[in-house]
1. So for the pair ASP75, ASN169, with labels modelled 7 Å out along Cα→Cβ, what separation do we get in nm?
2. Would you mind counting up the charge near ARG214? Only other residues with Cβ under 12 Å from its Cβ, with Lys and Arg at +1 and Asp and Glu at -1.
3. About the Cα centre of region 122-209, how large is the charge dipole given +1 on each Lys and Arg Cβ and -1 on each Asp and Glu Cβ? Please answer in debye to the nearest 20.
4. Note down the net charge around ALA144, summing +1 for each Lys or Arg and -1 for each Asp or Glu among other residues with Cβ under 11 Å from its Cβ.
5. Lys and Arg at +1, Asp and Glu at -1: add these up for the other residues within a Cβ distance under 10 Å of ASP170 and post the number.
6. For the residue pair GLU246 and GLN83, what label-to-label distance in nm results when each label sits 7 Å from Cα along the Cα-to-beta-carbon direction?
7. For LYS52, go through the aspartates and glutamates and keep the ones whose alpha-carbon is under 15 Å away, minus same-chain ones fewer than eight residues off.
8. Have a look at TRP184, PHE159, LEU124 and report the one farthest towards the positive end of the charge dipole of region 122-209, computed about the Cα centre with Cβ charges (Lys/Arg +1, Asp/Glu -1).
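Please treat every number below as a calculation from the coordinates, not as lab data. Please read these numbers as outputs of a predicted model, since none were measured by experiment. When we count neighbours, we look across all protein chains shown, and the Cβ atoms used for this are built from the backbone with ideal geometry, even at glycine.
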Amino acid sequence: MYSAKQSKNLANSGWWKTTAIALVALAGIVALQFYGLRSLNRGKEDPKAAEKQEALRLQLLKKTPTFGYDNLIADWTFLKFLQYFGDDPVRDKIGYSLSQDYFDIVTKLDPRWVDIYLFLTTALSIYEAKPKVSVEYTTRGTNALSPEIDPKAWQLWRFKGIDQILFLNDTKGAIYSHEMAADWVANTPDRDFAPLFKDTAEFLKTDPDNKLIRFNAWLWIYYQSPDEKVKERAKKELIALGAKVEEGIDGTIKFVLPDAKPTEKK
C-alpha cells in the first residue's frame, strides 16, 4: 500500500508526465506550422516544390494528436490558408489544390467556426470546382451547430443550398437546405431573410430550373463575396442569365433581370 504522501507524489508525477507529453506534442505542431510558413515563403522561388512540402506538412498535421488544442490548431491552419490563398502570383501558376486539405483540417477541429464557411465554399466550389466536397465539409458545420449556438449558423444552410442549386443539380437537397435556412434564421437578427429562403424552396418544388432562383443565387454570391475574382465570375453568370447591369450615381451596382422584379444590394 502507498502512503498518502506517496500516492500524492505518484499522482503529481502522472500529471507532469501527461503535461510534458502534451507540451512536446504542441511544440511539434508549432514546429510544423513554422515549417509551413517557411515553405510558403519559399514558394516564390520554387512554387511547385513549396506546394509539395506544404502538402506533406498538411498530411502530417492531420495525423498529429492535438491534445485538446483543436481550436488553436484550427486557427493557425486557417491563417495559413489565407496566406496560401492570397498569394495570387503563385496560385495563378499552380492553382488552389491544397484548399481541400486546409478545410478538411479546420472543419474537423472546429466545425462550429461559422465565419470560415464563406471562404470554404468560395475556395472549393468556385476556385477548385469541388462543390460536392464543399457540401460535405459544410455538413460538418450544420451537424455541429444550431441557431442557439450561433445566430449566424443559418448561413451554412444557405451556402449548401447555393452549391446544390448552381453546381450539383441537387434540387431535393437545395429545397431541404433552404427550408432549414429559413427555420434557423427565423428567430435571429437576420430574420428578414426567412421569406427569401422559404420562397426559394417553394419555387424549386414547382420549377427546379427557375431562372430567377439561379439569378438570386449568383446575386447572393456577388454581394456576399469579398473576393474580386469571385465577384467577376458571378457578374458573368448573371449577365449570361440575361441580367442587365446598371450603375447608380453613387457607384452602386444593380442587376436587373428582364420580366422579373429587380434585385439589388441591401
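1. If labels sit at ASP75 and ASN169, their model points lie 4.5 nm apart.
2. -2
3. Here region 122-209 has a charge dipole of around 220 debye.
4. Neighbourhood net charge equals +1.
5. So the environment of ASP170 carries a net charge of +2.
6. Simple spin-label model gives 4.7 nm for this pair.
7. Within the straight-line cut-off, LYS52 pairs with ASP101.
8. Value: LEU124.
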